[in-house]
Structures are given as structure tokens and as C-alpha cells.
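K.L.:
The following block contains the structure, expressed as C-alpha cells.
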Amino acid sequence: MDKYASDTVGNKEYKTYLAKQLTGSNNKLTRARELLLLGDIDGNDYKTLKLECKDNVVRTEAKLDEIAKKIHHFASRTYF
């Protein structure tokens, strides 16, 4: 059980880190949209930033998914 508890703490910290990455990417995309509307960046710059942010969101969500699968797998082996 100690291994599970320490793993859970590690996963929680990593999930918090990933959640901050998601928030950062979403904030960056929002700011890019604002800059586009203000005319500070052009459409090509916006598209580049949008692609970068969306790619980061997809990769980060995949990492979160992987953690959830590992936890489920570990829990099913331990309790059933």
C-alpha cells in the first residue's frame, strides 16, 4: 500500500504540473487571439501560435490519459 500511496502522490504532482501546462497553452492561445484582433500579429502568426498551442494541449491530454490508465490498471490488480 505504501508503494501505491507514494505513486499516487507523484501522480498528483505530475497531474498538477500538466494541468498548469494546459492552462498556460489555453492562456497563450487566448492572448494570441487578442493580439490578432488588435492587429498586433497577422493571420499567419496566429495560425502558427494556434497550431503550437493545440499540439501542446493534445500531447498534454494524452499524458493525462496515460496516467489515468496506469492508475486504473494498478488499482484493478491491487483490489480485485
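Values quoted throughout were computed directly from the atomic coordinates according to the rules given, and no laboratory measurement underlies them. These numbers were taken from a predicted model, which means no experiment stands behind them. FYI the Cβ positions are ideal-geometry reconstructions off the backbone, even for glycines, and counts take in every protein chain you see.
K.L.:
Sorted by packing (mean other beta-carbon atoms within 10 Å per residue), highest first, where do 30-39, 48-57 land?
P.N.:
Final packing ranking: 48-57, 30-39.
K.L.:
Please give every one of the lysines within straight-line cross-link reach of K50, meaning a C-alpha to C-alpha distance under 22 Å, and leave out same-chain neighbours fewer than 8 residues apart.
P.N.:
Once the sequence-local lysines are set aside, what remains near K50 is K20, K28, K63.
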